[in-house]
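Below you'll find the structure, written out as structure tokens, and then a few comments.
The values are calculated or read from the model by the stated rules, or taken from the named source; none is laboratory data. All of these numbers come straight from a predicted model, not from anything done at the bench. Here the Cβ positions follow ideal geometry from the backbone for every residue, glycine too, while neighbour counts run over all protein chains shown.
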Amino acid sequence: MEHFDVLIVGAGHGGAQAAIQLRQEKFEGSIALVGDEPWLPYDRPSMSKDYLSGAKTFDRLALRSATAWTERDILLRPGVRVVAVDPVERRATTDAGDVLSYGRMIWAAGAAPRGLTCAGCDLEGVHVLRGREDVDGLLAGLDTVRDIVVIGGGYIGLEAAAALIKMGKRVTVVEARERLLARTSGEIVARTFETTHRSMGVNFRFSLSVAELRGRDGRVSAVVLSNDEVLRADRVVVGIGVTPAVQPLLDAGADGDDGVLVDEFCRTSLDGVFAIGDCARHVNPFAGVDPIRLECVQNAHDQAQTATRYICGRPAPYVAAPWFWSNQYDLRLQSVGLALGYDAAVVRGDADSASYSVVYLRKGRVIALDCVNSVKDYVQGRALVVGRAVISEAALADASTPLKALQSAVAEAVIEG
Ligand SMILES: Cc1cc2nc3c(=O)[nH]c(=O)nc-3n(C[C@H](O)[C@H](O)[C@H](O)COP(=O)(O)OP(=O)(O)OC[C@H]3O[C@@H](n4cnc5c(N)ncnc54)[C@H](O)[C@@H]3O)c2cc1C
């Protein structure tokens, strides 16, 4: 039986970063990075952006070169899925029946896209977007396709819509809520994205769900909505959220539900087992008392650092401010903090222009920032979110005052508690 001092399960953003970080922390033990995709770790956000649009080929998306892994003595095992964990014997079983023993395990298995469950959901031509194989499946034969229906008006659905409309397809986005990005962003930003998409030719249907998919010869041909409207569809792209990939850990007795629960050092309730990234449910200082999961690269990286520092005997609790980006057409959104439960949203600049930002406040404190083509506000405003600055709405709304000039308020806010 092979033994690894650290066995990392999942070779995506979190797992790859954890392996690299362990070496940076001068960890000298053996490291295996086991992932069920058949490729070297690659950039996932590009799947719905540059890879889907064809702007970048897959070989430009590797997180590190093949030699970078061998140079660091990190053993990569692509195409291997861990199906069971024995936390008492500290062993993991793979889908090939191999048993790997470990000293510590870092579970970084991410999440699987949720599919539709309605009639017709298993017809050909219905796609999710998570990994390279999903995108390759969508791209195959796309030349002959005219009508595409995207289910879900979140970031992945919208990024897909942007790439597909630029290819000359007729794209309709169906969203169950009354507006776009309802789960993640404020209304002002959502309006900007909707207006831009409409100007590019994307159609929308709001407050409607999918009743059924219809097909011809086993391939999807139409989407029937909850109001009985029938949309022609040569392809359907489903972007309705994810299910965390944690079943083997839950089966092994780990605490969790919709993810695996971790503490501030990313430790699960199983001895010697850490969890990071999309699958880790944690208490985030920027989100209140209830544990949450974050689905962004930065969180996967920060949690990788938290787990590896703990393993290397230099524990430091996870406190990073969440940040996220999305690119669609010429819109570059950068967000910091979590725009949850805000009671004021202050616009800096003109929300109808190509560049502005929104500052979200709760009880007078800055809790989040959305910056649309406004890198300066993003860079300068981070400190306000991190420090939960208390700043008047009037001062924030004055776009002629750089956010940097308001940073002195942070120190006062921290002192006030
Ligand atoms: C299309 C798309 C666009 C995105 N765009 C952005 C963006 O613009 N900005 C941003 O910040 N975030 C973006 N995200 C989110 C970001 O990619 C994720 O938050 C990030 O990849 C999480 O890293 P992770 O390591 O937790 O999971 P992943 O990167 O998903 O890696 C998990 C890996 O584990 C593998 N795995 C699962 N189960 C097992 C098992 N049992 N055994 C072995 N391997 C297993 C998976 O196949 C996968 O390869 C995007 C995500 C998608 C899907």
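Could you identify the single residue in Glu187, Glu133 that is more than 25 Å from Cys266 (Cβ to Cβ) and under 19 Å from the mean Cα position of the chain (by Cα)?
Answer to the check: Glu133.
If I filter region 89-107 for residues that are under 25 Å from Ile156 (Cβ atoms), in the same structural domain as Ala252 (by TED's automatic domain parsing) and touching a strand residue (DSSP E or B) at 6+ places or on another chain (Cβ under 7 Å), do I get at least one hit?
Yes: one or more hits.
If you take just the strands (runs of 3 or more DSSP E) that sit entirely in region 212-301, which of them hold at least 2 residues that are hydrophobic (A, V, I, L, M, F, W, C)?
219-225, 230-232, 235-238, 273-275
Please go through (1) modelled with pLDDT under 95; (2) closer than 30 Å to Val6 by Cα for Met105 and return the number of the only condition it doesn't satisfy.
Met105 satisfies every listed condition except (1).
Being surrounded by 20 or more Cβ atoms within 10 Å (Cβ to Cβ) and under 27 Å from Ser199 (Cα atoms) is the requirement here; does Gln303 meet it? Step through it out loud before you land on a result.
Numbers: surrounded by 20 or more Cβ atoms within 10 Å (Cβ to Cβ): yes; under 27 Å from Ser199 (Cα atoms): no.
Answer is no for this residue.
Going by the conditions given, is Arg267 of a type in the set (Lys, Arg), within 23 Å of Thr308 (Cα to Cα) and modelled with pLDDT of 95 or more?
Judged against the criteria, Arg267 is a match.
Among Ala18, Ala68, which is near the ligand (Cβ under 10 Å from one of its atoms) and in a helix (DSSP H, G or I)?
Of Ala18, Ala68, the one residue that is near the ligand (Cβ under 10 Å from one of its atoms) and in a helix (DSSP H, G or I) is Ala18.
Quick check on region 21-37: of everything there that is within 12 Å of the ligand (Cβ to nearest atom) and assigned to a loop (DSSP other than H, G, I, E, B), which residue is farthest from Arg91 (Cα to Cα)? Show your work before the answer.
Narrowing region 21-37 to residues within 12 Å of the ligand (Cβ to nearest atom): 32-37.
After this cut, where a residue has to be assigned to a loop (DSSP other than H, G, I, E, B) as well, the list is 36-37.
On the way: Asp36: 17, Glu37: 21 Å.
So, considering only residues that are within 12 Å of the ligand (Cβ to nearest atom) and assigned to a loop (DSSP other than H, G, I, E, B), the one farthest from Arg91 (Cα to Cα) is Glu37.
Just the residues that are more than 23 Å from Ser335 (Cα to Cα) and surrounded by 22 or more Cβ atoms within 10 Å (Cβ to Cβ), please, taken from region 147-172.
The answer is Ile148, Val149, Val150, Ile151, Leu164, Val171.
Go through region 294-318 and give me each residue that's without any contact (Cβ under 8 Å) to a residue 60 or more places away in the chain and within 16 Å of the ligand (Cβ to nearest atom).
Leu294, Cys296, Gln298, Asn299, Asp302, Thr306, Tyr318
Looking only at region 217-239, count every residue that is over 18 Å from Asn203 (Cα atoms) and either among the aliphatic types (A, V, I, L, M) or in contact with a helix residue (DSSP H, G or I) (Cβ under 6 Å, 6 or more places away or on another chain) (or both) and tell me the total.
Total meeting the criteria: 1.
Which residues, taken from region 306-331, are surrounded by fewer than 18 Cβ atoms within 10 Å (Cβ to Cβ) and under 14 Å from the mean Cα position of the chain (by Cα)?
Within region 306-331, Trp325, Asn327 qualify.
Of Arg232, Arg198, which residue is farther than 27 Å from Ala112 by Cβ, surrounded by fewer than 20 Cβ atoms within 10 Å (Cβ to Cβ) and touching a Lys or Arg at 6+ places or on another chain (Cβ under 9 Å)?
Matching residue, one of Arg232, Arg198: Arg232.
What's the number of the only condition in (1) without any contact (Cβ under 8 Å) to a residue 40 or more places away in the chain; (2) away from the ligand (no atom under 15 Å from the Cβ); (3) outside any helix (DSSP H, G or I) that Leu40 fails to meet?
(2)
For Val346, indicate whether it is within 16 Å of the ligand (Cβ to nearest atom) and not assigned by TED's automatic domain parsing to the domain that holds Pro285.
Numbers: within 16 Å of the ligand (Cβ to nearest atom): no; not assigned by TED's automatic domain parsing to the domain that holds Pro285: yes.
So Val346 fails the test.
Look through Met47, Met1 and report the one residue that is modelled with pLDDT under 95 and among the aliphatic types (A, V, I, L, M).
On the way: Met47 fails: modelled with pLDDT under 95.
So the residue among Met47, Met1 that is modelled with pLDDT under 95 and among the aliphatic types (A, V, I, L, M) is Met1.
Looking at this structure, is Arg130 closer than 23 Å to Gln305 by Cβ and among the charged types (D, E, K, R)?
In short, no.
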